[in-house]
DNA sequence: ACATTAATTGGCAATTTCGCCAAATAACAA
DNA sequence: TTGTTATTTGGCGAAATTGCCAATTAATGT
């Protein structure tokens, strides 16, 4: 039996949230510990409004949490398994290169 | 040290490939075993050309392999860990619902 | 109250993705 | 060769995503 359309869309929303270079970089950074928006902005280099929008998208997907302390907002990763997630992505990449551009084959 | 821009783009390419309802559904189907394009077309219901394009995108990302036998092309999942990958996505969703719409809280 | 710093939101143009149709290609049978 | 079935490719309009600027909101200090 197929998964409900709605459920699939929720899943896709989570995956989409990770499917952007800046957001992926921020998620990896957050895996090491919480950060304020300003730190993430320095890391990414885009306009702060752009970074903020990326972050709210991540939050909306359920990937991060926020904690406002004073003027700053601290973001933290909600689900640690995202790291394993990336492990799988790396595996796809290594197997891909292994086959398509095998350095041992001439 | 941050991951190279190029590497990050490769990763994103893989994640993006999974970030679509039809493609995600097909990947899950393929996790059970290989399928021809026609079977996947029936599963998804979109025009066959649309399905074919989704599949070539998956292939380009390194997620699936193809095997042409006669007139048909059989697709198969290249990396089994994609299943675990989805496990993490599910975890994100369950924790999300747990907090935002906690049934125990009034 | 006023200024300052941190972050979010609205709006918009540029780019990318999506899905259909029509046409092309490939394998095989008659 | 001709026809048939399976799949891919080209092209195009529609929809979604992206990133900047400007304006707004929020917390704090003077």
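Coordinate-derived values only; no laboratory data. For clarity, every value in this text was computed on a predicted model and none was experimentally measured. With ideal geometry, Cβ positions are generated from the backbone for all residues, glycine too; neighbour counts draw on all protein chains shown.
Inter-copy label distances at residue A:46, shortest first and taken from points set 7 Å along Cα to Cβ: 2.4 nm.
Ordering B:86, A:43 from the fewest to the most neighbouring beta carbons within 10 Å gives A:43, B:86.
In terms of surrounding Cβ atoms within a 10 Å radius of their Cβ, B:88, B:36, A:38 rank from fewest to most as A:38, B:36, B:88.
The ranking of B:23, B:69 from fewest to most other beta carbons within 10 Å of each one's beta carbon is B:69, B:23. Treating each Cα of the protein assembly as shown as an identical point scatterer and summing with the Debye formula, the log10 of I(q)/I(0) at q = 0.10, 0.14, 0.17, 0.18 Å⁻¹ comes to -0.49, -0.89, -1.19, -1.28. Label separation (residue A:94 vs residue A:59): 3.7 nm, computed from points 7 Å beyond Cα along the C-beta direction. I need the inter-copy label distances for residue A:31: point set 7 Å along Cα to C-beta, values in nm with one decimal, smallest first. Here the equivalent label points are 1.9 nm apart from this one.
Calculated mean residue ellipticity, 222 nm, chain A: -19000 deg cm²/dmol, from DSSP H runs (n ≥ 4) at -39500 (n - 2.57) each, averaged per residue and rounded to 500. Springs join every pair of Cα atoms under 10 Å in this Gaussian network model of chain A, and among A:76, A:49, A:94 the largest mean-square fluctuation is at A:94.
Along its principal axes, chain B has C-alpha extents of 60, 40, 23 angstrom, given from the largest down. Between the Cα long axis of helix B:48-60 and the first principal axis of chain B there is an angle of about 70°, rounded to the nearest 10. Scanning chain A for the beta carbon that comes closest to the axis linking it by rotation to B yields A:19, 2, distance in whole angstrom. Which residues in the stretch A:6-25 place their backbone N less than 11 Å from a point set 7 Å from the Cα of residue A:73 along the Cα-to-Cβ direction? From the stretch A:6-25, the list is empty.
Can you tell me the 0 to 90 degree angle between the C-alpha axis of helix A:5-18 and the longest principal axis of chain A, rounded to 10? Helix A:5-18 sits at roughly 80 degrees to that axis.
Please list, by residue number, everything in the stretch B:55-86 whose backbone N is under 12 Å from a paramagnetic label point 7 Å out along Cα→Cβ of residue B:48. Correct set: B:71-73. Against chain B, whose longest principal axis comes from its Cα atoms, helix B:82-100 is set at around 30 degrees. If we hang a label 7 Å off Cα along the beta carbon direction at residue A:95, how far is it from the matching labels on the other copies, in nm, shortest first? Result, one decimal in nm: 2.6.
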